[in-house]
Amino acid sequence: MAQRVHLLLLSEIFFLNLIRFSSQKDLNFVYSGFNQGSIHLDGVARIHNPDGLLQLTDDTALQKGHAFFNRPFDFCSSDEPLSFSTHFVCALVPKPGADGGHGTAFVLSSSMDLTRADPTQYLGLLNMSSNGYQILAVELDTVKTAEFDDNDSNHVGIDENSLRSVVSASASYYSDSEGRNKSLTLLSGDLIQVWIDYEGTLLNVTVAPLIINEKPSKPLLSRNINLTAIFPARKAFVGFSASTGTLVSYQYILGWSFSTSSNSLRSLDISKFSAVLIPMGSNHIVVQLLVLLCYIVILGNYVLRINTCG
Ligand SMILES: *[C@@H]1O[C@H](CO)[C@@H](O)[C@H](O)[C@H]1NC(C)=O
Ligand SMILES: *[C@@H]1O[C@H](CO)[C@@H](O)[C@H](O)[C@H]1NC(C)=O
Ligand SMILES: [Ca+2]
C-alpha cells in the first residue's frame, strides 16, 4: 500500500513537472531541417526523410497542410513586455505550366486543430463563418482574391481572425546596400526568408531572398497588434498553414527558428537545408535535359575549336 502511495506521489510530481514544463514562458527552438518529434502535422503536410524538408502542400487540388510546434507559446505572466521573434525560410514552387496557389502563412492559433478551416483562399486558416477562431497570421499570398480586397497576387499581409488583412503590401524588401526597395516574387521556387518580430504591441514583418545575408534594416509591414486581445487565454500554438485550390503549388519550409525574446533567436544553418526541392514535374526534367544538351553542344563546340586551333 505504502509503495502504491509512493508511486502515486512520484507520478504526481512527474505530472506537475510536465505541466510546469508545458506552461513555461520561454519557447526557443531552431530547425535547419525538421524531424517528426515535436512537430504536429495534418492535412497533406509531411516531413521528407532523411533530409528533413517540411512540405506543406503538393500538387493536389483543394488541400491544406498544417505544421505546428507541439508546445504552445505561453504569455500568461504580464510583468514583462510581450515579445517573440521568428525567422524562417520557405519556397513556393510553381507547377510548370500552371498558375499557382494559394499561399503559405505563419500562424499563431489558439488550437492546433484547424481541420474545419477551408483550403483555397482561406489558406487552411479559417472558413466562411470563422466563429470562435483565434488566429493571427502573416500570409504570403499568391492569388488575388477580390473577396478579401487583395491588391495583387504577390503580397504579404497580417491577418487577425479574418483573411481580409489588417495591413498588406506587395512583396518587397529594403536593400541596405542599394538604399532602395526591391520587389520579390513569392511564387518563384526561390528560397525566401521571413522575419516576424513582435515587441510590446508592434508586429514587424520583413521578407528577403535567401541571398541577402542580413535582415533588411526596414520592415515591409509594421503594425500595432494586441496579442492578448486576440488570445484571451494568453496561449497560442505557432506554426504554418498552406493551401491549394484549383490553383496549386508545392509549398515548403526549409528552416525555422523561434524565440520568445529577440536576442536569443538562434540562427538557421543554411548548409543543413535540404537540397531536394522536389517534384517540379516532368516539364522540369525536360527543361533540365535541354539545358544539359545545350551544355554538351557548347562543350562539344569548344573542344572542336581547341582541336582545330591546335
Ligand atoms: C519594428 O520596426 C520599427 C521601424 O523600423 C522599429 O522602430 C521597431 O524597433 C521594430 N520593432 C521590432 C520588434 O522589431
Ligand atoms: C519601401 O517600402 C516601405 C514598406 O512598404 C515603405 O514604407 C517605404 O516608403 C518604401 N520606400 C521607398 C523609398 O520607396
Ligand atoms: Ca490576401
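Here are a few things to note about the model shown:
- Taken over the range 41-175, the alpha-carbon convex hull comes to 160 cubic angstrom per residue.
- Local electrostatic count at SER110 - Lys and Arg +1, Asp and Glu -1, tallied over other residues with Cβ under 11 Å: +1
- Rg/Rh for the range 108-157, where both radii come from Cα atoms and Rh is the Kirkwood radius: 0.97
- Whether the range 148-285 is rounded, prolate or oblate, judged on the alpha carbon gyration tensor where a/c under 1.5 counts as rounded: rounded
- Anisotropy class of the range 73-143 from Cα gyration tensor, a/c 1.5 cut: oblate
- Label-point gap, in nm, between ASN28 and ASP269 - each point 7 angstrom along Cα→Cβ: 1.8
- Report note on the peptides 26-34, 66-74: ranked by the mean count of other C-beta atoms within 10 Å, highest first, their order is 66-74, 26-34.
- Those lysines that a straight Cα-Cα span of less than 16 Å connects to LYS235, excepting residues fewer than 8 apart in one chain: LYS25
- Qualifying aspartates and glutamates (Cα of each under 14 Å from Cα of LYS272; at least 8 residues distant if same chain): ASP51
- Cross-link reach list, lysines versus LYS215, counting only Cα pairs under 17 Å and skipping chain neighbours closer than eight places: LYS182
Bear in mind that the values in this text are calculations on the coordinates, not laboratory data. Computed from a predicted structure; not experimentally measured. Backbone-built Cβ (ideal geometry, glycine too); neighbour counts: all protein chains shown.
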